[in-house]
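Read-outs throughout are calculated quantities, based only on the coordinates presented, and are distinct from any laboratory measurement. Remember, predicted model here, so these are calculated numbers, not experimental data. All Cβ positions, even for glycine, are placed from backbone atoms using ideal geometry, and neighbour counts span all protein chains on display.
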Amino acid sequence: MSSTERISSFAKRFGVMLLAGIPGILALMGYIYLTTPSTAVPAGLSLPLLAVSSGLNSLLILVVACLLGTYAAPTVGLRSYLNDRAGTGDGIWPRLRPEVSLAVSFGALGGILVLLLDVALAPFVAQDLPQSAIGATDPTVANVLAYAPVRFLYGGITEELLLRFGLMSTLAFVGWYVTGRRSDGPGPGVMWAAIVIAAVLFGIGHLPALAQSVSLTPALVARTVLLNAIAGVIFGWLYWQRSLEAAMVGHATFHVPLVVLSLVQVALL
């Protein structure tokens, strides 16, 4: 393949991955626009401008993640059927179908596990977080349903492009390079390190949004990072052992118990 063909292939694969993350960003912008009270809009910004600026920030990060992932993922043997299709034309669903049941099972069990741990840890953070972070800040059915597209599109797809395709692939590539570039790709130690680091950073990434509604304490930080990191490890393992799309399915399914619980909480209020 000539250098021109390689560049064209890279650009096509990068573009496809970037486009896959756009619906999640649009869902996030829509949620911010529909649910942010006027009193929470920073001085000097209008509500539409706040939503657009939030989307642009996410888009810039997504561009970087997709650039890194498009290069690093295939280099270290991490699979994305969407990325492969853009490069080779191979079908997505025939390859993903055998992985769906495992991804759904792991995602649902992970969601239930995190819910149970959230309940178990509640006594330690009850004074800091009066209402579980699983529930809506303004507990109405409309707000829960308005946030659902963010959970499934931004969480299930965009976050996987950011944290697994971009970050975890890059960490695996760096680890593989530092440890001598084995011909058969990164070893389990490198991959587990990449999975855990990406998962912990995934947990840390949830702190700024939480800090907008409550004051962060050491217990609340530890609880938030732990619960999200557990989910991140599950999604990272699915990416490593199956595919990025399996991680996306697992991540989207992970949110199903959370949405159900949020609706139950609203019904009981």
- Message: Restricting to DSSP H runs of at least four residues, report the calculated mean residue ellipticity at 222 nm for the chain, -39500 (n - 2.57) per run over all residues, nearest 500 deg cm²/dmol.
- Response: -24500 deg cm²/dmol
- Quick one: which of 105-116, 42-53, 160-171 comes out on top by average Cβ neighbours within 10 Å, and what's the full order, highest first? 160-171, 105-116, 42-53
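What do you get for Rg/Rh over the stretch 32-176 if you use C-alpha atoms and the Kirkwood form of Rh?
Values: Rg = 19.1 Å, Rh = 18.5 Å.
Taking Rh as the inverse mean 1/r over Cα pairs, Rg/Rh reads 1.03.
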- Item | Nearest-ten-degree value, helix 244-268 long axis tilted from longest Cα axis of the chain | 10 degrees
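Could you tell me which of rounded, prolate or oblate describes the stretch 167-220, using a ≥ b ≥ c as the square roots of the eigenvalues of the alpha-carbon gyration tensor, with rounded for a/c under 1.5 and, failing that, prolate when a/b is larger than b/c and oblate otherwise?
On the way: a/c = 4.97, a/b = 3.63, b/c = 1.37.
In terms of gyration-tensor shape, prolate.
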- Centre separation in Å (Cα based) which lies between the stretch 1-36 and the stretch 161-221: 21 Å
- Item | Using alpha-carbon coordinates, inclination of helix 188-204 to the longest axis of the chain, degrees | 30 degrees
- Pairing the Cα long axis of helix 93-125 with the longest principal axis of the chain, what angle in degrees results, from 0 to 90 and rounded to the nearest 10? 40 degrees
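Is there a quick way to get the dipole size of the stretch 3-268? I mean about its Cα centre, with the Cβ of Lys and Arg at +1 and of Asp and Glu at -1; what is the value in debye to the nearest 20? Provide the component values of the computation, followed by the final result.
On the way: 13 positive and 11 negative charges, 112 e Å.
Here the stretch 3-268 has a charge dipole of around 540 debye.
If you stretched the chain out fully between residue 196 and residue 75, how much longer would it get, using 0.36 nm times the residue separation minus the C-alpha to C-alpha distance? Let's see the in-between values first.
Values: separation 121, 0.36 × 121 = 43.56 nm, distance 2.00 nm.
Here the segment from residue 196 to residue 75 would lengthen by 41.6 nm.
Would you kindly calculate the mean projected area, averaged across all directions, of the convex hull enclosing the Cα atoms of the chain, in square nanometres?
16.1 nm²
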- Once the dipole of the chain is set up with Lys and Arg at +1 and Asp and Glu at -1 on Cβ about the Cα centre, which of 104, 246, 203 lies farthest towards its positive end? 246
- Message: Can you find, among 173, 87, 18, the residue sitting farthest towards the positive end of the charge dipole of the chain, where Lys and Arg contribute +1 and Asp and Glu -1 at Cβ?
- Response: 87
